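Accompanying notes for the structure given below.
The values are calculated or read from the model by the stated rules, or taken from the named source; none is laboratory data. What you see is a predicted model; the values in this text were computed from it and never measured. Quick reminder, even Gly has a Cβ in these numbers, built from the backbone with ideal geometry, and neighbours come from all protein chains shown. For accessibility, only protein heavy atoms count, side chains too; no ligands or nucleic acids. Shrake-Rupley method; radii C 1.70, N 1.55, O 1.52, S 1.80 Å.
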Amino acid sequence: GEHDELIDPAGIIERKLATKVQWDEIHDKALALFKRGQELAAKRGLILVDTKYEMGFDEDGVLTIGDEVHTPDSSRYWKASTYEERHAKGLEPESLDKEPIRLALAALGYRGDGPPPQLNIKVISDTTDRYITAYDRLTGDSFRRGAYPIQERIEVALQKRAML
């Protein structure tokens, strides 16, 4: 479909989106990926709270991931160092994800239908900073901003890729 939808395992099998055997493989691999993601995040002082995996079977029947894994776009990360204290005080955890965008869109009345409204540049900037911090923490490397304008950078990268 065009939007994510809530569906339980029985519904997936009933609608023939996967067989029982396929669902069992999806289930087991998703849990293994999540466990590994939590382990890696914990080593970097983060809590991987939840995530989504987009999986499917290719033409040879091999389970394949079709989208990013454990990025701030697909996952929620909380800072482990402040989680307990903030939780005890009834405060939201410090997060490194797209939550500010979700909240800003909701405040503008947007629920996912139609074109999204224009967001305040501060919301975009703050979310960008969160993504960069997540990158730095998760990879142990420093994010390097690319040159602008971005269109030229994309074209050069595609030309290089075409030469390989």
Answer yes or no as to whether Leu119 is open to solvent by less than 50 Å² (accessible area, probe 1.4 Å), over 30 Å from Asp28 (Cα atoms), of a type in the set (A, V, I, L, M) and not in a helix (DSSP H, G or I).
yes
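For (1) loosely packed, with under 13 Cβ neighbours inside 10 Å; (2) at pLDDT 95 or above, each residue gets a yes or a no:
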| position | (1), (2) |
| --- | --- |
| Glu5 | yes, no |
| Ala18 | no, no |
| Val21 | yes, yes |
| Glu25 | no, yes |
| Leu31 | yes, yes |
| Lys43 | yes, yes |
| Leu48 | no, yes |
Residues to consider are Pro100, Pro72, Pro93; find the one that is assigned to a helix (DSSP H, G or I), surrounded by 14 or more Cβ atoms within 10 Å (Cβ to Cβ) and of a type outside the set (Asp, Glu).
Pro100
Is there a residue being closer than 26 Å to Gly37 by Cβ, open to solvent by 80 Å² or more (accessible area, probe 1.4 Å) and free of Cβ contacts under 8 Å to residues at least 24 places away in the same chain anywhere in segment 130-140?
yes
Return a yes/no flag: does segment 31-45 have any residue that is of a type outside the set (D, E, K, R), touching a strand residue (DSSP E or B) at 6+ places or on another chain (Cβ under 9 Å) and under 16 Å from Arg130 (Cβ atoms).
yes
Could you run through segment 103-114 and say how many residues are modelled with pLDDT of 90 or more and either of a type in the set (Val, Ile, Thr) or not in a helix (DSSP H, G or I) (or both)?
3
When segment 1-60 is examined, which residues are found to be among the small types (Gly, Ala, Ser), assigned to a helix (DSSP H, G or I) and in contact (Cβ under 8 Å) with a residue 40 or more places away in the chain?
Ala41
Subset of segment 75-90 that is of a type in the set (Lys, Arg) and out of contact with any strand residue (DSSP E or B) (no Cβ under 6 Å at 6 or more places or on another chain) - its residue that is most open to solvent (accessible area, probe 1.4 Å)
Lys89
For Val62: the one exception among (1) closer than 30 Å to Ser95 by Cβ; (2) open to solvent by 70 Å² or more (accessible area, probe 1.4 Å); (3) β-branched (Val, Ile, Thr):
(1)
Only one of these is within 19 Å of the chain's Cα centre (by Cα), at pLDDT 90 or above and assigned to a helix (DSSP H, G or I): Thr82, Thr133. Name it.
Thr133
Just give me the residues in segment 61-92 being free of Cβ contacts under 8 Å to residues at least 12 places away in the same chain and either under 18 Å from Leu31 (Cβ atoms) or in contact with a Lys or Arg (Cβ under 6 Å, 6 or more places away or on another chain) (or both), in sequence order.
Thr64
Filter result for Ala107 (of a type in the set (A, V, I, L, M, F, W, C), in contact (Cβ under 8 Å) with a residue 12 or more places away in the chain, over 30 Å from Leu17 (Cβ atoms) and open to solvent by 60 Å² or more (accessible area, probe 1.4 Å))
no
